[in-house]
Amino acid sequence: MKTKKIVFAVTMALSFLPAYSAVAAEKPGAVESGLKVQFNEMTCGEMLVQTGDTRDFTMIFMHGVINGLKKDYLFDAVKVSEATDKVYDMCVADTKANLLEVFEKARK
């Protein structure tokens, strides 16, 4: 049991590294401009036009939102990767779709 907890803790810590670098890379401009994003109103099209660290941050944040809503504290890299592929497919098919709703469907 202790080994599982250690593996989980290490996995979670490593999973936040990309999020930290995305936030750190965006922080100066975002803070300076007073950036605020209403993620529950974001469309697929808005996410698809994002690039690099901004899109990475959006994807990581949205997966975290879904995990929080489900009270799911397990990061499963395979499931998240598969769901991300589904999100992209659904968003390309309907750029006007609500991104949060697409994430909810992809993570079922």
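The values are calculated or read from the model by the stated rules, or taken from the named source; none is laboratory data. Since the structure is predicted, the reported quantities are computational estimates derived from the model, not experimental observations. Positions of Cβ are backbone-derived with ideal geometry, glycine not excepted, and every protein chain shown enters the neighbour counts. The accessibility values were calculated without ligands, DNA or RNA, using every heavy atom of the protein model including side chains. Shrake-Rupley method; radii C 1.70, N 1.55, O 1.52, S 1.80 Å.
For the reader, a short list of remarks on this structure follows.
- Index of the failed condition, Ala25 passing every other in (1) open to solvent by 50 Å² or more (accessible area, probe 1.4 Å); (2) touching an Asp or Glu at 6+ places or on another chain (Cβ under 9 Å); (3) at pLDDT 95 or above: (3)
- Check on Phe16, open to solvent by 70 Å² or more (accessible area, probe 1.4 Å) and at pLDDT below 90: yes
- Filter result for Val92 (more than 25 Å from Gly29 (Cβ to Cβ), free of Cβ contacts under 8 Å to residues at least 24 places away in the same chain and open to solvent by 40 Å² or more (accessible area, probe 1.4 Å)): no
- Per-region count, the range 30-83, residues within 18 Å of Lys105 (Cβ to Cβ), assigned to a helix (DSSP H, G or I) and among the hydroxyl-bearing types (Ser, Thr, Tyr): 2
- Test: residue in the range 65-72 that is within 19 Å of Val49 (Cβ to Cβ), open to solvent by less than 60 Å² (accessible area, probe 1.4 Å) and touching a residue at least 40 places away in the same chain (Cβ under 8 Å): no
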